[in-house]
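Undergrad: Have a look at this one before I ask anything.
The values are calculated or read from the model by the stated rules, or taken from the named source; none is laboratory data. For clarity, every value in this text was computed on a predicted model and none was experimentally measured. Positions of Cβ are generated from backbone atoms using ideal geometry, with glycine treated the same way; all protein chains shown enter the neighbour counts. Please note that ligands, DNA and RNA were not included when accessible areas were found on the heavy atoms of the full protein model with its side chains. Shrake-Rupley method; radii C 1.70, N 1.55, O 1.52, S 1.80 Å.
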Protein chains: 4
Amino acid sequence: MMKVGILGATGAVGQKFIRLLQGHPWFEIEALGASERSAGKKYKDAANWIEDVVLPEHIKDTIVKNCEPGEFSNVDFVFSGLDSSVAGDIEKAFAEAGIPVISNAKNYRQDPTVPLLIPEINPDHTDLIKTQSFSKDGKGWIVTNPNCVAVPLSLALKPLFDSFGIEALILTTMQAVSGAGYPGVASLDILGNVVPFISGEEPKVGPETRKLLSTLNEDSLSLPDFDVQATATRVPSINGHMISATVKLENPPADLEELKKAYQNYRNPVAELGLPFSPKALYNLHDNEYYPQPRLHADWENGMQLHLGRLRKADVFDVSFVAMAHNTIRGAAGGAILNAELLTKKGYLK
Amino acid sequence: MMKVGILGATGAVGQKFIRLLQGHPWFEIEALGASERSAGKKYKDAANWIEDVVLPEHIKDTIVKNCEPGEFSNVDFVFSGLDSSVAGDIEKAFAEAGIPVISNAKNYRQDPTVPLLIPEINPDHTDLIKTQSFSKDGKGWIVTNPNCVAVPLSLALKPLFDSFGIEALILTTMQAVSGAGYPGVASLDILGNVVPFISGEEPKVGPETRKLLSTLNEDSLSLPDFDVQATATRVPSINGHMISATVKLENPPADLEELKKAYQNYRNPVAELGLPFSPKALYNLHDNEYYPQPRLHADWENGMQLHLGRLRKADVFDVSFVAMAHNTIRGAAGGAILNAELLTKKGYLK
Amino acid sequence: MMKVGILGATGAVGQKFIRLLQGHPWFEIEALGASERSAGKKYKDAANWIEDVVLPEHIKDTIVKNCEPGEFSNVDFVFSGLDSSVAGDIEKAFAEAGIPVISNAKNYRQDPTVPLLIPEINPDHTDLIKTQSFSKDGKGWIVTNPNCVAVPLSLALKPLFDSFGIEALILTTMQAVSGAGYPGVASLDILGNVVPFISGEEPKVGPETRKLLSTLNEDSLSLPDFDVQATATRVPSINGHMISATVKLENPPADLEELKKAYQNYRNPVAELGLPFSPKALYNLHDNEYYPQPRLHADWENGMQLHLGRLRKADVFDVSFVAMAHNTIRGAAGGAILNAELLTKKGYLK
Amino acid sequence: MMKVGILGATGAVGQKFIRLLQGHPWFEIEALGASERSAGKKYKDAANWIEDVVLPEHIKDTIVKNCEPGEFSNVDFVFSGLDSSVAGDIEKAFAEAGIPVISNAKNYRQDPTVPLLIPEINPDHTDLIKTQSFSKDGKGWIVTNPNCVAVPLSLALKPLFDSFGIEALILTTMQAVSGAGYPGVASLDILGNVVPFISGEEPKVGPETRKLLSTLNEDSLSLPDFDVQATATRVPSINGHMISATVKLENPPADLEELKKAYQNYRNPVAELGLPFSPKALYNLHDNEYYPQPRLHADWENGMQLHLGRLRKADVFDVSFVAMAHNTIRGAAGGAILNAELLTKKGYLK
């Protein structure tokens, strides 16, 4: 078993890491880090546990540490669920101290030496780690997972990108309140309502999607150049971001069958690796036009599946679909754990 | 005062007609029609009143009639909130009997002789009435209002269409549950959820929008030919359909200012007519990026205003915005009443 | 027209005061006060307007003042929507400076010289003002309205108290999120959920209800001694607190008819005074067992009506009912305005 | 493995039976029965699957049968999730045909020969089966589980009943929409709302609770005689009925500690039997005043745990608490499965 630390352990993403790592076959939680306000307290007193499962017994009384590398000397690596306002400095400090960081924060996602990783899409990008210079001996490095919209979008686009090429896309998201953390969205703002804007969300979508679909040549990425026009909205769902997208393709499929085949034939490059968080079926293509739905499907395959629905030829551009995935599992903590699993299998973590 | 009948008076749209016509300066309710099951009963016993205001006293004990023209001989015209499964025959029967029908049903919207009318967009289309042949003396005719998505969409597009020309558009709707009538959407389907499909909704959007923006030449319409790609979803809001749209223009504006001016300078063709249901300000351009919101804004200007937000130049196509209007007022019963007001002013109703 | 100031003008209750005072026939807003953070700013910049109507034009650019009596020298009195953490000192300062305070805060509700006032229940308690010693000349004083649960509860109990006497009662509340102000309840805490506790709420219910139903003898109140057992819960409704209560009476009615008559015969002591915020019908006794409902009925009679439903003889104790009223209108700002109206009619305000 | 049939398999309760029986160590689904409309169809075509997990593969293509005993000849017993409008006749027919019926329907709950069973409360009531005369050889019989309110209420009361005796109780429920089945509650009725009445619910609470807490003497039950006053309301939660109760006891505890001990010391009579659906900890006494919450806790211990919160001495009567359990698992299908497990262990099913 590898020993892991969790940075930002009392926040919404940190809690999800704790929940998801219970019973993990490879990783066990060794240390929890949070802000000064929490440090020194028992976890049960420092955190307002908002998960809908029991707070694990052995976590309850764990003393929360400061997020300083010196306090995490006996972990093999850390997961970071830190807020972006502090993640930049802290994650750098850990990497410089020789502790690998598997981060959910946005700070290093666009760093050209840092992999923005979804194992089913770009597992070879892990090799960027070798170009990092955080620590002299190369022991410390950073790997990130994408934003909770870029994750389902990129997963939905990957087979189209491979089979038909992408020229442009227009999307509207309908995002769940859990994406804003806790306390996050005020109930008066969202009960029976739709909010047509989420601060900072839209500018991430294009760059992260292009980086995910880029090609690693030697030690740098060559990016595709399609444009993305995104409108991000908040709706009163709890878990599961829904995306409605219409895509212009370079070589559009002749018909719906050919379109579906792009998904059915997609070869998940990590399918054979036995990664514990890898969904058995990466894509769930729903035929029922009323599906997928966040409340019904977000938890399928432990929240790691990508749900596609309403796949169809479009009157404008070429293809329309809706895509949905669990935003705090597939789109955050679960994705980071899957990244750590791939990095373990590849020997970067040990 | 003109005497009006309401067909489908016990349904959700019928109830909205009753509510909105209280205190109307020109129209008073004379007769209520519904299905056989309701006919002969007092309205208060036939209808499950779901409006959030008091059922007017004088309506409570009104005896509901069958939807037969013979029972409506003393009305000047009827509003129809009938379900489309029966509206085709009943509305035709009324028109043939010489009773004008102001309809919210979809059945005759694509009839080339029937105006699909939004007074602020295409008031001259009323002249199509002269081409109708329902009744020999021309006394009976049908005018329709558009679907509750086509209404806010067309209102949002009209200034763009006039100023810059439209080539294509892609939109996603987030529609309120009141749009499905009563009982409509099951709570288990929508609480904390998003449903990515609404049966029959998407195919109406393009044709109705094109008809609304068409030009009347002599006695026929010449339609614009832009394509529309729509995805209609249901969200847990109560009133107010939100639309997220991105539009390709023929002659895009140079900048955001020019874009805004298209709305600010739009001349509402019925602004001077003193129509009671006409909003003082047709367009509400929200600068606050988090606006408009269905719960906060749907009722402004008695539910008749078109709310625009997030107006911006787009990376793909030319312009993105969100548009929102009250779906059962502006998008249904209120729109029909405004139509009747215009038709009164023009002398078609008297 | 009397000139009024609003303390705590940028908060949820302050916003409601601004909304409700638009077009008031007796009172006009002269000054707005808020915290240091807001003082000096235009109201539209200081406040995050959350009402579902337009922010009045003339308020938008009003400069917010500090809550200091010296800045409110030209008002006739102030409404206080201050948070209880600051209301104690500020309200006292205004009263000492000779400015009457009509307060929604809890701080002085249990002061034996301060009226806890609901005009339809205890209008004579205004005479307690004469016992106050805030200002030497008696020009400054404080009158409070009760907590948003005590308001509907007391209104529902008053006819029972008068007709049958009350021995004890047990109640459970289902309270709307607007009662927690803004941002208030986190959406993750309440979407699709029930929270069985509201901090500080239950201990107010008994004492405030007893004070409201007390008798003024000379210059002190003699309190009834019935016990109250309350459980306060939060549910995902927006406006309108629902109360489910079962009451033990001293002399229970013989049957449901006699019980209903207690309400039908209740003589509203301020009915004849022409107070603008007084509902035409104080009690709305719903026969439909599924009524009242917060979403349907909270706004009836401008949010000032008390809705009763499910009135019935009980198997345990004597009587059960549900009561519902708009929590931020009848139960807060609207109640305070009605108090000011009564105090004007009685000559205390001028 | 025993072979089981499910009557009413396409309904909400039937679907829950199918979901919960996946992977059950003792029972496997052999046959599915539904109405004529569904009979002859594949299950996936007959049912609108509303569970938030995958419909099991081997169920998808199972042909639905009519609910006639002849079609269920190879099952060992049936679970009934039938609607009460048809359960009376069908369940009787199965029992008469020698097929044991484990029913969730209300029809036979008050039959003096039919056990109304919650294994943790009254496991000995199974002996009532011997007094039944549905089938001559005694092979066919009926056992029922209580209504979804009586289940958590009785579980919450049982330790109080044993330790202190119960004289009377007053309760208000806040019930989730899943309790109304599908389509059940219209979204327009419950979004942002509270409905203060649920048809047919309140009259069940007292009789079922008394029967559950009764003593079996020879072959009949002697019932306790406490009164129950219930108000049943619907709130916009999805799963988990919340109950707020205040109880008058015969010999009240001296303090809160003694009260808590009644729960801590309660000896679950089936704890040692190894029943798969039996929760490890029957009672979860939450110290956090904001707990339990339906959304957070309904699924704990596979939905079979009884959650207690806000346990306290009361100002009126003696004790107040809130109780919450999953209404369609603990309060319906899961409870029925636990009943079948107990009946298996006792040799009634084999």
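Undergrad: When you scan the range A:333-350, do you find a residue that is out of contact with any helix residue (DSSP H, G or I) (no Cβ under 9 Å at 6 or more places or on another chain) and crowded, with 20+ Cβ neighbours inside 10 Å, even just one?
TA: yes
Undergrad: Which residues, taken from the range B:181-216, are closer than 30 Å to residue D:179 by Cβ, touching a residue at least 60 places away in the same chain (Cβ under 8 Å) and touching a strand residue (DSSP E or B) at 6+ places or on another chain (Cβ under 8 Å)?
TA: Passing the criteria: B:182, B:184.
Undergrad: So residue B:47 ticks every box in (1) without any contact (Cβ under 8 Å) to a residue 12 or more places away in the chain; (2) more than 28 Å from residue B:111 (Cβ to Cβ) but one. Which box is left unticked?
TA: All conditions are met except number (1).
Undergrad: Suppose we keep only residues that are in a helix (DSSP H, G or I) and open to solvent by 10 Å² or more (accessible area, probe 1.4 Å) within the range C:297-306. Which one would you say is farthest from the other protein chains (Cβ to nearest Cβ)?
TA: C:302
Undergrad: Looking only at the range B:107-120, which residues are of a type outside the set (A, V, I, L, M) and either in contact with a Pro (Cβ under 9 Å, 6 or more places away or on another chain) or open to solvent by less than 10 Å² (accessible area, probe 1.4 Å) (or both)?
TA: Residues satisfying the conditions are B:109, B:110, B:115, B:119, B:120.
Undergrad: Now a separate question. Quick check on the range B:179-228: of everything there that is in a helix (DSSP H, G or I) and of a type in the set (S, T, N, Q), which residue is farthest from residue B:246 (Cα to Cα)?
TA: B:187
Undergrad: If you don't mind, another one. Could you go through the range A:233-242 and let me know if any residue there is within 14 Å of chain B (Cβ to nearest Cβ) and in a helix (DSSP H, G or I).
TA: no
Undergrad: For residue B:104, work out the one condition from (1) touching a Phe, Trp or Tyr at 6+ places or on another chain (Cβ under 8 Å); (2) open to solvent by 30 Å² or more (accessible area, probe 1.4 Å) it doesn't fulfil.
TA: Going through (1) touching a Phe, Trp or Tyr at 6+ places or on another chain (Cβ under 8 Å); (2) open to solvent by 30 Å² or more (accessible area, probe 1.4 Å) one by one, residue B:104 breaks only (2).
Undergrad: Pick from the range B:122-148 the residues that are of a type in the set (Ser, Thr, Tyr) and open to solvent by 20 Å² or more (accessible area, probe 1.4 Å): which of them is farthest from residue B:162 (Cα to Cα)?
TA: B:133
Undergrad: Looking only at residues that are within 14 Å of chain C (Cβ to nearest Cβ) and surrounded by fewer than 24 Cβ atoms within 10 Å (Cβ to Cβ) in the range A:151-187, which one is nearest to residue A:233 (Cα to Cα)?
TA: My answer is A:180.
Undergrad: Continuing with the same structure: Filter the range C:307-331 down to the residues that are open to solvent by 10 Å² or more (accessible area, probe 1.4 Å) and in a strand (DSSP E or B), then identify the one that is nearest to the other protein chains (Cβ to nearest Cβ).
TA: Among them, the one singled out is C:310.
Undergrad: Of the residues that sit in the range D:189-217 and are β-branched (Val, Ile, Thr) and more than 30 Å from residue A:236 (Cα to Cα), which one is nearest to the other protein chains (Cβ to nearest Cβ)?
TA: This residue is D:205.
Undergrad: So, one more: For the list (1) at positive phi; (2) touching a Phe, Trp or Tyr at 6+ places or on another chain (Cβ under 6 Å), I need the number of the one condition that residue D:17 fails.
TA: So residue D:17 meets the others, but not (1).
Undergrad: Tell me the residue from D:271, D:262, D:281, D:254 that is touching a Pro at 6+ places or on another chain (Cβ under 8 Å) and more than 9 Å from every other protein chain (Cβ to nearest Cβ), please.
TA: D:262
Undergrad: May I ask you to verify whether residue C:222 is open to solvent by 10 Å² or more (accessible area, probe 1.4 Å) and touching a strand residue (DSSP E or B) at 6+ places or on another chain (Cβ under 7 Å)?
TA: Against the criterion (open to solvent by 10 Å² or more (accessible area, probe 1.4 Å) and touching a strand residue (DSSP E or B) at 6+ places or on another chain (Cβ under 7 Å)), residue C:222 qualifies.
Undergrad: Looking at the range D:49-61 only, could you name the residues that are away from chain A (no Cβ under 14 Å) and surrounded by fewer than 20 Cβ atoms within 10 Å (Cβ to Cβ)?
TA: Of everything in the range D:49-61, those that are away from chain A (no Cβ under 14 Å) and surrounded by fewer than 20 Cβ atoms within 10 Å (Cβ to Cβ) turn out to be D:58, D:61.
Undergrad: Another question about this same structure. Can you find a residue in the range C:167-178 that is in a loop (DSSP other than H, G, I, E, B), in contact with a helix residue (DSSP H, G or I) (Cβ under 9 Å, 6 or more places away or on another chain), of a type outside the set (Val, Ile, Thr) and in contact (Cβ under 8 Å) with a residue 12 or more places away in the chain?
TA: Yes.
Undergrad: Further, regarding this structure: Can you report the number of residues in the range A:6-48 which are part of a loop (DSSP other than H, G, I, E, B) and surrounded by fewer than 20 Cβ atoms within 10 Å (Cβ to Cβ)?
TA: 12
Undergrad: For residues that are touching a Pro at 6+ places or on another chain (Cβ under 6 Å) and either more than 25 Å from residue C:330 (Cβ to Cβ) or open to solvent by 60 Å² or more (accessible area, probe 1.4 Å) (or both), tally how many sit in the range C:68-93.
TA: Of the residues in the range C:68-93, 1 are touching a Pro at 6+ places or on another chain (Cβ under 6 Å) and either more than 25 Å from residue C:330 (Cβ to Cβ) or open to solvent by 60 Å² or more (accessible area, probe 1.4 Å) (or both).
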